[in-house]
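For reference, the structure discussed in these notes is given below.
Taken together, the values in this text are just the output of simple stated rules run on the coordinates, not laboratory data. Predicted model only: the values in this text are computed from it and were never measured. Glycine gets a Cβ as well: all are built from the backbone with ideal geometry, and neighbour counts include every protein chain shown.
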């Protein structure tokens, strides 16, 4: 069992937020943490890894205590038996692929694990290359392999596939599952992608504003999540105009411009460059400021 | 005349070499602490390190002269403990040059540390590596251009130093007479031909050094992208 009980005060762009969680994760399971951006997912992972200090909390991995603020005890990241994969891979640019993995070896550890991992992840042919010459998917495979060299019990994945295209994602999901089983890992995955979570995780924790508001099997949690029942898109107003008594606004969402009709009295409340949220639901299209 | 010329140049480059090597060992820890410190006193230390950039060299030289004088506490202590006098001697020049060129070593390296993605160090920590190992194997190898810039600028800046040396070194041939001082002396003696030779060597040196730094940094940037 992995026990994670943490409290940390966060000062985000949106103001003060209390990250407060209490999780119990069975050994060998694959769980996901999901929820809106800025909800504290990455911070939670960093707290588990020991890269940030909580205000109070307790982390236990099996019988081993990693953190217990009551006894003012905190194991350094170096001593926690976990592997962390960063969103942007964080490979060492000055080392070849093989050296990146060899670097991770503990003192006196058998080097065989390096070639074993390179084989599983199909990296053997890239051994002598430098990270800068690799594609995103290849870099991510190296990052995964490197995180497992020390044979950690716990694998932490911080949106590891978000920068990859769909085909590469699906392939890497299979790699991760393969590693999860063959190395007897307990894996915590932070992800936004519902299909990814449904495919990989047994359980998902929905983290919103620093609190776990829902947890359960992916199918149950996503069925009731607000973002699943109605679609919403955020954008900025580029243009507001009225013609023949009808008002329209142009909203920039990502790289696209979307034209939305709306009542004149609502259009008057909006300004160029103000943030809006477009919501589609069963009752139609709604526009919210902010 | 010719031996004096080469002797002076040799002394100049010896001073710059010794100073740069010392600065590398002093500069890296200071740059590391300044780059990663979140303490409130950080600006105080940053200001102290950068002082020589804006301070007239004569001011620094004047205070060093006072501090190192054998009839003062520090100078007296140094002389009794180690038998060294830092006024009008080569070791004194080295100490003065280290203080004077400190920002030229610290600032590029500090900036190198600060621009290095923090995830690299964090990844190293999560792989069980100490801060020391991370510094040697990950951080320093990935800021090589910054290290090179620091080395070259410190060296070149020491070669071009004038005010501090004049204050605490004087003008003793073979001991404290460096090229920049020699130029001044030759001009005073209306010996323009000699001054010209010194000046041209320093000019050519400064250009070559800067050209090398920019070329190497360009190559490194092309590789690392």
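When the alpha carbon gyration tensor of region A:177-280 is reduced to an equivalent ellipsoid, its three semi-axes come out at 41, 14, 11 angstrom, largest first.
Counts of other chain beta carbons within 10 angstrom of each beta carbon in peptide A:149-159 average 1. Pair-distance distribution P(r) for region A:107-190, from all Cα-Cα distances in 5 Å bins starting at 0: 3, 13, 26, 26, 20, 10, 2, 0 percent. In plain terms, the bigger the Kirkwood radius, the slower the diffusion; for region A:77-119, with that radius from Cα pairs, at 10 °C and 1.306 mPa s, Stokes-Einstein puts D at 135 µm²/s. Against the main long axis of the alpha-carbon atoms of chain B, helix B:144-159 sits at an angle near 10°. Taking chain A as a Gaussian network, where each spring joins two C-alpha atoms under 10 Å apart, which residue of A:106, A:274, A:195 fluctuates the most? Of A:106, A:274, A:195, the Gaussian network model singles out A:274 as fluctuating most. The ratio of the alpha-carbon radius of gyration of region B:63-125 to the globular-protein estimate 2.2 N^0.38 Å is 1.75. Size descriptors for region B:10-133, from the alpha-carbon set: Rg then Dmax equal 17.8, 55 Å. Hull volume per residue, based on the alpha-carbon atoms of region A:23-134 and their convex hull, is 164 Å³. Legend: ranking of residues A:125, A:98 from fewest to most surrounding C-beta atoms inside 10 Å; resulting order A:125, A:98. Counting only the Cα atoms, region A:2-228 fills a convex hull of 131 Å³ per residue. Peptide A:83-94 has a mean of 5 when you count, residue by residue, the C-beta atoms of other protein chains within 10 Å of its C-beta. Which value results for Rg/Rh of the protein assembly as shown when Rg is the Cα radius of gyration and Rh the Kirkwood radius based on the inverse mean 1/r? That ratio is 1.11, to two decimals.
Legend: translational diffusion of region A:133-235 by Stokes-Einstein, Rh = Kirkwood radius over C-alpha pairs, 20 °C, 1.002 mPa s; D = 142 µm²/s. Taking the helices alone, chain B has a mean residue ellipticity at 222 nm of -25500 deg cm²/dmol, built from -39,500 (n - 2.57) per DSSP H run of at least 4 residues and averaged over all its residues.
Only alpha carbons enter this Debye calculation for region A:230-289, each as an equal point scatterer, and the log10 of I(q)/I(0) it gives at q = 0.18, 0.19, 0.24, 0.27 Å⁻¹ is -0.57, -0.63, -0.99, -1.20. Taking every residue in B:127-134 and counting other chain Cβ atoms within 10 Å of its Cβ, the average works out to 5.
Which stretch or stretches of region A:145-163 have amide N atoms under 20 Å from the point lying 7 Å from residue A:27's Cα along the Cα→Cβ direction? Zone members listed by number: A:148-156. Label positions at residue A:268 and residue B:5, each projected 7 Å from the Cα along the C-beta direction, are separated by 8.9 nm. Compute the long axis of helix A:136-148 from its Cα atoms, compare it with the longest principal axis of the Cα atoms of chain A, and write down the angle in degrees, 0 to 90, nearest 10. So the helix axis and the longest Cα principal axis differ by about 50 degrees.
For chain B, the calculated P(r) over all alpha carbon pairs, in 10 Å bins from 0 to the bin holding the longest distance, is 8, 27, 31, 21, 10, 2, 0 percent. Comparing mean-square fluctuations of B:154, B:130, B:50 from a GNM of chain B with C-alpha springs under 10 Å, the top value falls on B:130. Hull volume per residue, based on the alpha-carbon atoms of region A:1-74 and their convex hull, is 85 Å³. The helix-based estimate of mean residue ellipticity at 222 nm for chain A, built from -39,500 (n - 2.57) per DSSP H run of four or more residues and divided by its residue count, is -7500 deg cm²/dmol to the nearest 500. Within the listed set B:173, B:103, B:57, the residue fluctuating most in the Gaussian network model of chain B (springs between alpha-carbon atoms under 10 angstrom) is B:173. Legend: P(r) of region B:96-194 from all alpha carbon pair distances, 10 Å bins from 0, whole percents, reading 14, 30, 22, 16, 11, 5, 1.
Projecting label points 7 angstrom from Cα along Cα→Cβ for residue A:181 and residue A:73 puts them 3.7 nm apart.
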